[in-house]
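The values are calculated or read from the model by the stated rules, or taken from the named source; none is laboratory data. Computed from a prediction, not measured in an experiment: that's the story for all the values here. When we count neighbours, we look across all protein chains shown, and the Cβ atoms used for this are built from the backbone with ideal geometry, even at glycine. SASA here: full protein model, heavy atoms, side chains in, ligands and nucleic acids out. Shrake-Rupley method; radii C 1.70, N 1.55, O 1.52, S 1.80 Å.
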Amino acid sequence: MKRQPTLLESISTIVVMMFVVCIGFIVFEIPVQPLLIISAAYASWIAWRVGLRWEDLEEGITDRLSTAMPAIFIILSVGIIVGSWMYSGTVPALIYYGLKFLSPNYFLVSAFLISAICSVATGTAWGSASTAGIALMAIGLQMDIPAGMAAGAIISGAVFGDKMSPLSDTTNLAALVTRVNIFSHIRHMVYTTVPASIIGLMIWHFASRGFGANVSTKNIQTMLKDIESMYHIGFFVWVPMIVIIVCLLMKISTVPSMLISSVSAILVGWLVNGFALKDGFIATFDGFTSDMMGNRIQGVSDKALSLVEQGGIMSMTQIIVTIFCGYAFAGIVEKAGCLDVLLHSIAKNIKTQGQLILATVIGGLIMVLAAGVASVVIIMVGILLMEMYDKMNLDRVNLSRTLEDAGTMVIPLIPWGTSGIYYSQQLGVGVGSFFLWAIPCYICLMIAIFYGFTGIGIKKKDKTVQATK
């Protein structure tokens with residue numbers, strides 16, 4: 001017969017997972033996937049103690065994985081679009097013009113703004129990072145910008161745009177769960193997101209001022225010539241990007257928009273660059289390779305070739321395997337009732353507005369550490385604390401905003417989380433290297449807590465509006 005886990009048992013699942021992953025991953029450099037399986041094994045023991053059978057755990061894992069399927073579809077689509085955009089020359093064109101017009105003195109600021117614009121337009125931080133982000137990383141490396149600094153600015157911009165876009169899945173989910181208007185939710189997020197981003201922009205500006213003198217003009221010119229010899233850089237290489245923007249403006253869902261753009265990219269690579277049509281389809285599965293360019297690679301530097309050999313569905317397998325391992329742990333912990341115990345133990349001691357905001361942040365961080373995905377934070381913490389915001393006469397936009405501050409913004413900083421793994425693999429930089437430079441991601445949390453205790457940026461409940469809900 002199933003019983004409720006004790007608070008100690010519930011806390012132990014999180015503590016053991018953090019200990020195993022941190023020690024194994026950081027100290028012994030063991031891949032995160034087996035470490036997550038070990039953590040899931042311990043969680044299974046706790047689940048057995050409270051009376052669950054293996055069949056119950058399978059059900060919990062399956063239920064949790066079902067919520068990850070939309071993200072997995074996007075991940076697979078990203079592999080397709082990166083491979084096809086390399087084949088068409090779209091990403092190389094971004095690198096080409098970025099090297100021509102971006103200056104190292106304001107590169108980090110530009111990287112943030114470009115990523116943010118892409119994410120706002122498309123509603124996906126992952127899509128922004130895997131297209132514009134890859135190009136910006138290549139540009140930054142040519143300008144001798146440290147990889148961790150470049151990745152931090154790119155990821156921050158991508159997450160900012162994702163958070164502020166009405167097309168974003170997490171933005172819509174936060175508004176849906178808390179039952180607030182999505183545009184009211186976005187407007188309220190300005191109070192935390194914009195100040196955090198301004199602080200980041202100031203730090204990035206001063207941090208990048210010293211890099212201009214170290215740039216090798218010869219290396220940049222060599223890279224430009226290499227790209228010109230590999231691709232026909234002209235109007236048509238921008239067609240895949242135009243197609244995806246038009247699709248999203250027409251409110252076509254993200255995955256179909258990516259696939260339609262990939263089809264246009266294959267046509268561009270075939271008709272404009274003269275590559276074999278068969279290679280376009282191969283690029284979507286195994287990734288684009290230099291062999292597909294034939295004699296054009298003669299005299300091209302190895303550095304240029306390494307930039308374009310990316311993409312394909314198979315390049316996403318490590319991320320998907322990690323999601324399965326992470327969700328095995330999350331599904332077991334949730335099925336055992338550990339997350340409910342943790343959240344209720346936090347909620348029952350709340351007495352003031354500041355404590356409520358702090359509890360939302362702490363609850364969000366626990367969920368992020370346990371589940372590694374922002375949607376779990378938004379759903380579980382949002383449902384649990386929604387009535388408490390009503391009782392304290394606080395508008396629910398305060399809850400929806402804080403859920404994103406503690407979920408969407410933080411998730412890239414979790415090494416075993418889906419976003420942390422995704423960005424690390426796509427940009428080629430570990431979380432430990434870009435953590436410090438993803439400034440808005442953690443500054444947002446500090447601002448949210450500060451607002452909670454000072455009352456700044458906190459909206460009181462409109463009793464007339466709430467009475468109609």
Net charge around ILE139, counting only other residues with Cβ within less than 15 Å of its Cβ (Lys, Arg = +1; Asp, Glu = -1)? 0
Are there any chymotrypsin sites (Phe, Trp or Tyr not before Pro) in segment 6-40 that are in a DSSP loop and have at most 12 other Cβ atoms within 10 Å? List them by number. PHE28
Loop trypsin sites (Lys or Arg not before Pro), segment 334-422 (other Cβ atoms within 10 Å of the site Cβ: 15 or fewer; DSSP): LYS348, LYS351
Given the whole protein assembly as supplied and a 1.4 Å probe, what does the accessible area of TRP416 come to in Å², nearest 10? 20
Using a 1.4 Å probe, what is the accessible area per residue for the chain, in Å²? 41
Quick one: angle between helix 317-335 and the longest Cα principal axis of the chain, in degrees between 0 and 90, rounded to 10, please. 0
If I take every Cα pair under 8 Å that is 6 or more residues apart in segment 1-146, average their sequence separation and divide by the length, what percent do I get for the relative contact order? 19
Within the chain, helix-based [θ] at 222 nm, where runs of 4 or more DSSP H residues each add -39,500 (n - 2.57), nearest 500: -22500 deg cm²/dmol
Kindly state, to the nearest 0.05, the FRET efficiency for ASP302 paired with ASN172, given R0 = 45 Å and r defined as their beta-carbon distance. 0.55
Residues of type lysines that LYS335 reaches as a straight line, Cα spacing below 16 Å, ignoring anything fewer than 8 places off in the same chain: LYS2
Between the DSSP loop rule and a limit of at most 16 other Cβ atoms within 10 Å, which trypsin sites (Lys or Arg not before Pro) in segment 1-78 are left? LYS2, ARG3, ARG53
At 1.4 Å probe size, with the rest of the protein present, what percent of the exposed accessible area of the chain is carbon and sulfur atoms? 67
Please report the spacing between the Cα centers of segment 1-76 and segment 113-137 in Å, no decimals. 31
Plugging the Kirkwood radius over Cα pairs into Stokes-Einstein for segment 251-291, at a temperature of 37 °C and a viscosity of 0.692 mPa s, what D comes out in µm²/s? 304
Obtain the nm distance between the two label points defined at SER290 and GLU58 by a simple spin-label model: each point lies 7 Å from its Cα along the Cα-to-C-beta direction. 4.8
Of LYS251/LYS460; LYS351/LYS460; LYS351/LYS459; LYS251/LYS461; LYS225/LYS303, which pairs sit farther than 22 Å apart, going by alpha carbon to alpha carbon? LYS251/LYS460; LYS251/LYS461
